[in-house]
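> Before anything else, here's the structure in question.
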Amino acid sequence: FKKLELKTQSKDELYKLGSTFNKMMDILAKNFEKQQQFVSDASHELKTPLTVIESNASMLKRWGMKDQALLEESVEAIYSEAVRMHEMTKQMLMLANHDAEWNLDIKKVDFVSLSKETSKLMKNAYGQHISVHTLYDRVIANADKQKMKQLLFILLDNALKYSMSPIELYVGYEKDHVFFTVKDHGIGIPKEDIAHIFDRFYRVDKARNRETGGIGLGLSIAKQIVDSHGGNINVVSKEGEGTSFTVTLPNN
Ligand code: ADP
């Protein structure tokens with residue numbers, strides 16, 4: 001990514017053209033760097049489950065036929081790492097597709113019924129009750145319903161993973177925006193980590209998250225969904241007290 005050397009500070013057309021070119025080069029270089037970082041992070045993340053699969057398969061080959069306990073243990077380890085890799089590649093593909101281009105199917109979405117639907121789904125899947133709070137019968141914004149469902153699911157799934165406490169979902173209007181907030185009373189996020197949680201592959205506590213199966217891509221996907229709708233996502237969190245994520249979307 002070679003930039004032009006612009007010697008004069010003149011305002012002539014050639015100088016303007018040159019500095020525009022340099023600005024574009026900066027953007028290209030930054031994007032390229034981001035892509036390289038993603039490939040390197042992704043390879044690194046995939047290496048861990050692959051190593052577990054490889055070493056267990058090798059043990060099976062050597063002793064698996066004679067040792068029933070080892071056979072069961074290794075098959076279980078291979079299976080759970082394969083499931084993890086599957087989930088990881090699915091999420092990576094989603095991000096890669098978005099980097100290329102996302103075709104949003106924008107229609108009027110009612111966030112009250114969407115919230116109730118999603119909370120029922122979570123209740124059936126995890127048995128955890130999520131209370132929906134709103135002052136309105138309907139809260140409407142233009143959005144891609146499937147993407148909004150996915151966004152809600154990521155935030156609620158995190159709230160469930162990182163707290164076993166009641167989870168609240170608030171939906172409403174604020175000025176010219178539609179908002180929804182997912183609030184939990186769980187472990188919270190340390191202050192120094194808050195700035196990074198939307199980064200790809202970022203996890204506050206890697207050891208803890210291996211147990212909960214986190215990959216560190218959920219919130220970066222959530223942010224991409226929100227950005228693609230011209231909205232905002234904010235987090236307020238206190239360690240030991242809980243976390244709330246608020247999404248605002250233009251109400252037009
Ligand atoms: P993961 O797959 O690890 O959950 P995310 O991108 O969804 O990845 O979240 C990034 C990190 O932010 C998580 O690993 C976790 O440490 C932290 N985090 C996200 N949501 C919450 C929450 N509701 N409470 C506490 N920590 C959270």
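> Please state which of the following conditions His133 fails to meet, knowing it meets all the rest: (1) part of a helix (DSSP H, G or I); (2) surrounded by fewer than 17 Cβ atoms within 10 Å (Cβ to Cβ).
Unmet condition: (1).
> For Asn31, are the conditions met, namely being assigned to a helix (DSSP H, G or I) and open to solvent by less than 40 Å² (accessible area, probe 1.4 Å)?
no
> If I filter region 64-78 down to residues being under 15 Å from Pro49 (Cβ atoms) and of a type in the set (Gly, Ala, Ser), which single residue comes out as surrounded by the most Cβ atoms within 10 Å (Cβ to Cβ)?
So, considering only residues that are under 15 Å from Pro49 (Cβ atoms) and of a type in the set (Gly, Ala, Ser), the one surrounded by the most Cβ atoms within 10 Å (Cβ to Cβ) is Ser74.
> Can you tell me which residue is nearest to Ala222 (Cα to Cα) among those in region 142-182 that are within 14 Å of the ligand (Cβ to nearest atom) and of a type in the set (Asp, Glu)?
The selected residue is Asp157.
> Pick from region 97-125 the residues that are among the basic types (Lys, Arg) and farther than 20 Å from Tyr173 by Cβ: which of them is modelled with the lowest pLDDT?
Lys123
> Still on this structure, please answer the following. Would you mention how many residues in region 152-180 are farther than 12 Å from Ile130 by Cα, part of a strand (DSSP E or B), open to solvent by 20 Å² or more (accessible area, probe 1.4 Å) and not charged (D, E, K, R)?
Residues that pass the stated criteria total 3.
> Would you pick out the residues in region 113-130 that are closer than 20 Å to Ala222 by Cβ and either outside any helix (DSSP H, G or I) or open to solvent by less than 70 Å² (accessible area, probe 1.4 Å) (or both)?
Leu114, Ser115, Thr118, Ser119, Met122, Gln128, Ile130
> Does Lys149 meet the test of being outside any loop (DSSP other than H, G, I, E, B) and surrounded by 12 or more Cβ atoms within 10 Å (Cβ to Cβ)?
Yes; evaluated as a whole, the condition is true for this residue.
The values are calculated or read from the model by the stated rules, or taken from the named source; none is laboratory data. If you're wondering where the values come from, they're calculated on a predicted model, not measured in any experiment. Because the Cβ atoms are built from the backbone with ideal geometry, glycine has one as well, and the counts that use them run over all protein chains shown. These accessible areas exclude ligands, DNA and RNA; they are computed on the full protein's heavy atoms, side chains included. Shrake-Rupley method; radii C 1.70, N 1.55, O 1.52, S 1.80 Å.
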